[in-house]
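Just so you know, all these numbers are worked out from the coordinates, no wet-lab data involved. Quantities reported herein were computed from a predicted structural model and do not represent experimental measurements. A quick note on method: Cβ atoms are made from the backbone with ideal geometry, for glycine too, and the neighbour counts reach across all protein chains shown.
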Amino acid sequence: MTDQYRIVPAAYILFRRERDGVSEVLLQLRDGTGYMDGHWALAAAGHVEAAESVIAAACREVTEELGVTVQPGELAPLCVMHRSGGTGDAIDERADFFFECWDWFGEPRIVEPHKAADLRWFALGALPEPVVPHELSVLEHVRKGDVPRILTRGFSE
C-alpha cells in the first residue's frame, strides 16, 4: 500500500483573440509573488479553493486578476496537466485545468499590481521570454494546433 496522495488543483485561463489575422494570447509579467517572478504567465490563474469547482475558480480568478467577467459557458476546456515538482510535498503535486476564453465582459487590466508588472497581448508565434515553463508547454501545443487532452510533467515515465 502506498501513502495517501495529495494534489493541488488550479485553474488557468488562456485569453485569446484574433487581430489582423494573427492569433494572440494575453499574458502578465509575474512580479512580487515569490513564484516565477520575472516570467510571463497566462493572464489569469489560481488555486481552486475549498468547496469551489474549478469552473467557479476560473471565473473568480479572472475577476480578481483582470477585473473582467467571464460566464462559465465562455470557458472552453483546453487540457489538463498533471505535474510534479518531485519533492513529495503536496504543494508540488498539481492538477492544472487549462481553459480557453474568447469572450468576456470588460477590458482586461492589472487589478493586483503587487503581483504583476505588465499585461500585454502577444502573437502565439512571437511569445516573450521567459514564459513559465509548464504554461509555455501548453502555449506551444496551442500554437501547433495539437493540444492533447492530458499532459504530464515532472514524472519519470
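Comparing Cα centroids, the stretch 1-34 and the stretch 51-80 end up 11 angstrom apart.
Each residue of the stretch 87-104 was assigned a 3J(HN,Hα) from its phi angle through the Karplus expression (A = 6.51, B = -1.76, C = 1.60, θ = phi - 60°), giving 8, x, 6, 4, 4, 9, 10, 10, 10, 9, 9, 9, 10, 9, 9, 10, 9, 7 Hz with x at Gly and Pro. For the stretch 6-94, the relative contact order is 30 percent, taking Cα pairs closer than 8 Å that sit 6 or more residues apart in sequence and dividing their mean separation by the residue count.
Based on Cα contacts under 8 Å between residues 6+ apart, the chain shows a relative contact order of 31 percent. You can think of it this way: the chain between Glu107 and His47 has 19.3 nm of extra reach, that is 0.36 nm per residue less the Cα-Cα gap.
Loop-located chymotrypsin sites (Phe, Trp or Tyr not before Pro) in the stretch 12-85 (DSSP state other than H, G, I, E, B) with a sparse environment of at most 15 neighbouring Cβ atoms within 10 Å: Tyr35.
Let me have the 222 nm mean residue ellipticity of the chain computed from DSSP H runs of 4+ only, each contributing -39500 (n - 2.57), with the sum over all residues rounded to the nearest 500.
-5000 deg cm²/dmol
Note on the chain: the C-alpha convex hull projects to 10.3 nm² when averaged across all orientations. The local environment of Pro130, defined by Cβ-Cβ distances under 13 Å, has a net charge of -2 under the rule Lys, Arg +1 and Asp, Glu -1.
Is the stretch 62-118 rounded, prolate or oblate when judged by the Cα gyration tensor, a ≥ b ≥ c being the square roots of its eigenvalues, rounded requiring a/c under 1.5 and prolate requiring a/b larger than b/c? Here the stretch 62-118 falls in the oblate category.
If you line up the long axis of helix 133-144 against the longest principal axis of the chain, both from Cα atoms, how many degrees apart are they, to the nearest 10? The helix 133-144 is inclined about 60 degrees to the chain. Under the combined filter of DSSP loop state and at most 16 neighbouring Cβ atoms within 10 Å, the stretch 1-89 retains these GluC sites (Glu not before Pro): Glu49, Glu52.
Sorted fewest first by neighbouring Cβ atoms within 10 angstrom, Ile150, Ile13 come out as Ile150, Ile13. Around the amide H of Ser23, modelled in the peptide plane, lie the amide H atoms of Leu124, all under 5 Å away and 5 or more residues distant in sequence or on another chain.
Using a ≥ b ≥ c from the Cα gyration tensor of the stretch 1-42 (square roots of the eigenvalues), is it rounded, prolate or oblate, where a/c under 1.5 gives rounded and otherwise the larger of a/b and b/c decides, a/b for prolate? Oblate, since a/c reaches 1.5 and b/c is not below a/b.
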